[in-house]
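The values are calculated or read from the model by the stated rules, or taken from the named source; none is laboratory data. Please read all numbers here as calculations on a predicted model, not as lab measurements. A quick note on method: Cβ atoms are made from the backbone with ideal geometry, for glycine too, and the neighbour counts reach across all protein chains shown.
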Amino acid sequence: MRRPFHVRVEPLPPWLDRQRFLGDGDWVAHDLANGHLKAEASLERDAAADLAARLRGVGIGGSLIKVEISPPLNRKDLRRANLEEARRYRQGSTGFSHRSARLDDEGRKSLTPEALALELAERARGRRVIDACAGAGGNAIGFARAGCKVLAIEINPGRLAMAKHNAALYGVADQIEFVQGDARELLPKQDADLLFIDPPWGERYNKERVTLSELPPCLELLECSLHLPKRWIKAPPSFDPASLPGCRVEAIFGVGQGDHRRVKFLLLEI
Ligand SMILES: C[S@@+](CC[C@H](N)C(=O)[O-])C[C@H]1O[C@@H](n2cnc3c(N)ncnc32)[C@H](O)[C@@H]1O
């Protein structure tokens, strides 16, 4: 039977796993002039509404994603899909699994979900890592659990104390050296195999397009770490890679039912 709703989604960056992002459907991709792609498929009513709800206001790779559906969906379908999407969002990837972990408000909002911190850390297994913006320790602990030796730098003393406490809960405190201070001053004297930067994205970061200069202290940290062989930045999904020429980009998706089609962040490798 013919599926009644024709759906067009654009622009999609070429490095995005389209099938995972868009979900089921016989998606056909077409090139756009700027190297991005447009995807088209015919979907059932519920699937079209769910996709529209999930991609509403989402920017990936520096552009807001547009979803066009014809014939247009009615308000009732969209409302149902928006409510369902809000429910799924609440079931998204969780932070620390340890119930005694300590977090302040900013630490909680900016924490890398545990499963994703471990996924990233596996790629650095056994290496010497500097976590330049360690927060309450989400990534530093992930790296240590993957056998890395970690230098965790954090400017906020209270949050650094939380990171220490949390590392002890996971039994990896002795693999992490905790240093309170400004990474811009400390980095030039440090050596490591990998520098990891998870900058503060800001309370209301721009969901449509964020550039490198809007993610302090990234620019300065990159400039003072040229002696290190590899640098990773955890950037918002809306980050525009054109603002960091030459970087390799990967979209990191969430885990679990509520999140597995959602881009949680971009991993930039320099
Ligand atoms: C996004 S949070 C890090 C979250 C961490 N990756 C996690 O998963 O728990 C960014 C942290 O960088 C810290 N920060 C900002 N500027 C800094 C600087 N110049 N040097 C060191 N830390 C800095 C902030 O205080 C904040 O705690």
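Things worth noting here:
- Just one of the numbered conditions (1) outside the structural domain of residue 250 (by TED's automatic domain parsing); (2) surrounded by 17 or more Cβ atoms within 10 Å (Cβ to Cβ); (3) more than 16 Å from the ligand (Cβ to nearest atom) is not true of residue 96: (3).
- So residue 86, is it surrounded by 13 or more Cβ atoms within 10 Å (Cβ to Cβ) and not assigned by TED's automatic domain parsing to the domain that holds residue 258: no
- Here the strands (runs of 3 or more DSSP E) wholly within the stretch 187-270 that include at least 2 residues being within 22 Å of residue 53 (Cα to Cα) are 248-253, 263-269.
- The sole residue among 127, 159 that is surrounded by fewer than 24 Cβ atoms within 10 Å (Cβ to Cβ), under 20 Å from residue 199 (Cβ atoms) and within 23 Å of the chain's Cα centre (by Cα) is 159.
- Look at (1) under 30 Å from residue 167 (Cα atoms); (2) in contact with a helix residue (DSSP H, G or I) (Cβ under 9 Å, 6 or more places away or on another chain); (3) without any contact (Cβ under 8 Å) to a residue 60 or more places away in the chain and you find that residue 93 fails only one, number (3).
- Output for the stretch 115-155, where each listed residue is free of Cβ contacts under 8 Å to residues at least 40 places away in the same chain, within 12 Å of the ligand (Cβ to nearest atom) and not in a helix (DSSP H, G or I): 136, 137, 150, 152, 153, 154, 155
- Extreme residue, farthest from the chain's Cα centre (by Cα), among residues of the stretch 98-114 that are in a helix (DSSP H, G or I) and closer than 13 Å to residue 162 by Cα: 105
- Strands (runs of 3 or more DSSP E) (entirely within the stretch 1-80) containing at least 3 residues that are touching a Pro at 6+ places or on another chain (Cβ under 9 Å) and not β-branched (Val, Ile, Thr): 37-43
- Scanning the stretch 180-219 for residues that are within 13 Å of the ligand (Cβ to nearest atom), more than 30 Å from residue 57 (Cα to Cα) and acidic (Asp, Glu) yields 182, 185.
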